[in-house]
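Undergrad: The structure under discussion is supplied below as C-alpha cells; questions concerning it will follow.
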Amino acid sequence: MKKIAALFLDETDRADWEATMSEVAELVCLTVDGNLASTLDALLQSGTDSEPGVIVISAKLYPAVYPELVVRLRALCPGAEFLVISRDGCAPPLRPLLADRIRHLTISSTAEQPGDERLPEVLNRLARRRPWDTTSCLKAGTTVHSFELSCSDDKERVIAKLERVLEGQGEEMELLRQKASLLADELLENAMYGAPRADRGTPMFTKGAKREMLPQEIIVFSFGFDGEVLALDLTDNWGSLEPDQVLEYLALNADGFQNADECGGRGLFIIWRFLDQFHVSVQPGRRTAVGGRLHLASTLDPTAPRGFHIIKEEIAA
C-alpha cells in the first residue's frame, strides 16, 4: 500500500486533525505555514521511493487560500487520489472541486456525531483503491437483502420489504423509514429511467412509465440494517454516468440550478443530501453503483453539506 500525505494550513490546523489521523499508517504530515514551495519540495523528498497514493488536503488550505494547490500537486503526483477534509461549518464550495476533479470529500464534526466517517477507514480504502459497497458500511455478519428488478412494478414491492426490515417503534425509527423510502424511490427511479441511454445519450424511457427490464439489463437494489446503520446500494450495468458528471450534477443543484435532468441531476442531489455518506462507483459503459449509509441517530439537516466518494473503477484487462 502506498503512503498517504496530508497537507495542513498551519500547526493549529494540523493539531485539529491529529487525534483523527493518529491511526493512519504510512502517513506523512506537512504544514504549509505560508511557504507552499518549500512544502511541495518536502513532499517530493518524502517520496523518494514512490509518490503518495493518497493526498489529503485540509479545507483551510484549499481552495480559498491556495486555489492553485491541486494543479501543482497533480503535476508532481499524477497517480494520486485526492481527498479534501473539512470540519462542519467549513465545507468547501463544490465548483473548485469540480474544476480540479476532486472526487473525495469528508466533512467531520468537531464533536463526533453518529454517521461521521472514520478517516482512517476512508484513507485505507482509498489507498487500496477499494470502492464502498453495502457490506463495507455495516457491522460484520449483518444480513444484506438484494433484489434484481424485472419490471418497474417491482419498485413498490422492494420499498415495502425495506420498510418491513426497518421495524421498530419510536420517532427515530419512523424518520429512518421515511428517509429510507425516499432514498430507495430515488435510487430505483434513477436506475430505471435515468441510466438507460440511447446511442446519442438520450433517455430510452419516460420517467414513471411502466416497463420491463431489457434482456441484457441488470438492476440490483441491496440494503442492510445492523440496528444502527442503514446501508443502501443500487447497481446497474449501463455505466452511463461519468465520475466528473456526478460532481457536476451536485454542484449544479447546490447552486440552485433547477433545470438539471430530473433523474441524473436532481435525483442524485437528493440522494446525496439525505445520506450521511454518499458513494458512487463507476465503470463507464459497464457498471454504476450508487448508495451509501444513513445512521439511525443522524442529526444532519438535509440542507447541510455532505461529503462524497466518487470512484472510477479500473477495468480488468
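Read-outs throughout are calculated quantities, based only on the coordinates presented, and are distinct from any laboratory measurement. If you're wondering where the values come from, they're calculated on a predicted model, not measured in any experiment. Glycine gets a Cβ as well: all are built from the backbone with ideal geometry, and neighbour counts include every protein chain shown.
Undergrad: Using only alpha carbon pairs under 8 Å that are at least six residues apart, calculate the relative contact order of segment 4-127 and give it in whole percent.
TA: 27
Undergrad: Would you mind getting the Kirkwood hydrodynamic radius of segment 62-140 from its Cα pairs, rounded to one decimal in Å?
TA: Numbers: mean 1/r = 0.0704 Å⁻¹.
About 14.2 Å, per the Kirkwood formula over Cα pairs.
Undergrad: What are the ³J(HN,Hα) values, in whole Hz, obtained from phi via the Karplus relation 6.51 cos²θ - 1.76 cosθ + 1.60 with θ = phi - 60°, for each residue of segment 26-34 in sequence order, with x given for Gly and Pro?
TA: 6, 9, 10, 9, 10, 10, 6, 6, x
Undergrad: Next up: Enter the per residue convex hull volume of the chain, computed from alpha-carbon coordinates, in Å³ rounded to the nearest integer.
TA: 146
Undergrad: Return the tail of the calculated pair distribution for segment 1-149, meaning the percent of Cα-Cα pairs more than 18 Å apart.
TA: Taking all Cα-Cα pairs of segment 1-149, the fraction more than 18 Å apart is 59 percent.
Undergrad: Moving to a separate point now. Can you give the charge dipole size of the chain about its Cα centre, rounded to the nearest 20 debye, using +1 on the beta carbon of Lys and Arg and -1 on the beta carbon of Asp and Glu?
TA: 720
Undergrad: Please list 3J(HN,Hα) in residue order for segment 199-213, calculated via the Karplus relation 6.51 cos²θ - 1.76 cosθ + 1.60 where θ = phi - 60°; whole Hz, with x for glycine and proline.
TA: Going residue by residue, I get 4, 8, x, 7, x, 8, 9, 7, 4, x, 6, 5, 7, 9, 5 Hz, with x marking Gly and Pro.
Undergrad: Let me ask another. Provide the FRET efficiency to the nearest 0.05 for the residue 206-residue 95 pair, computing r from the beta carbons and using R0 = 41 Å.
TA: Values: r = 32 Å, r/R0 = 0.78.
The formula returns an efficiency of 0.80 here.
Undergrad: What number, in percent, do you get for the relative contact order of segment 135-312 if the mean sequence gap of Cα pairs under 8 Å and at least 6 apart is divided by its residue count?
TA: It comes to 24 percent, rounded to a whole number.
Undergrad: In addition: Which loop-located trypsin sites (Lys or Arg not before Pro) does segment 162-229 contain, where loop means any DSSP state but H, G, I, E or B and the Cβ has at most 16 other Cβ atoms within 10 Å?
TA: Here the sparse-neighbourhood loop sites are 200, 207, 210, 211.
Undergrad: Next question, about the same structure. Could you identify which residue out of 147, 221, 274 has the top mean-square fluctuation in a GNM of the chain using Cα springs shorter than 10 Å?
TA: Comparing 147, 221, 274 in a Gaussian network model of the chain, the most mobile one is 147.
Undergrad: Another question about this same structure. Name the residues whose placed amide hydrogens come within less than 5 Å of the amide hydrogen of residue 117, ignoring near sequence neighbours (fewer than 5 apart) on the same chain.
TA: Those qualifying (amide H under 5 Å, at least 5 residues apart or on another chain) number zero.
Undergrad: Let me ask something else. Just want to confirm a number: the relative contact order over the chain, from Cα pairs under 8 angstrom separated by 6+ residues, in percent. Please report the intermediate quantities before stating the final value.
TA: On the way: 570 pairs, mean separation 53.5, N = 317.
Computed over the chain, the figure is 17 percent.
Undergrad: Enumerate the whole-percent occupancy of each 10 Å bin, from 0 to the last occupied one, for all C-alpha pair distances of segment 135-312.
TA: All Cα pairs considered, the percentages come to 9, 40, 37, 13, 1.
Undergrad: Say we join alpha carbon atoms closer than 10 Å with springs in a Gaussian network model of the chain; which of 199, 244, 226 then has the biggest fluctuation?
TA: Checking each option, the largest mean-square fluctuation is seen for 199.
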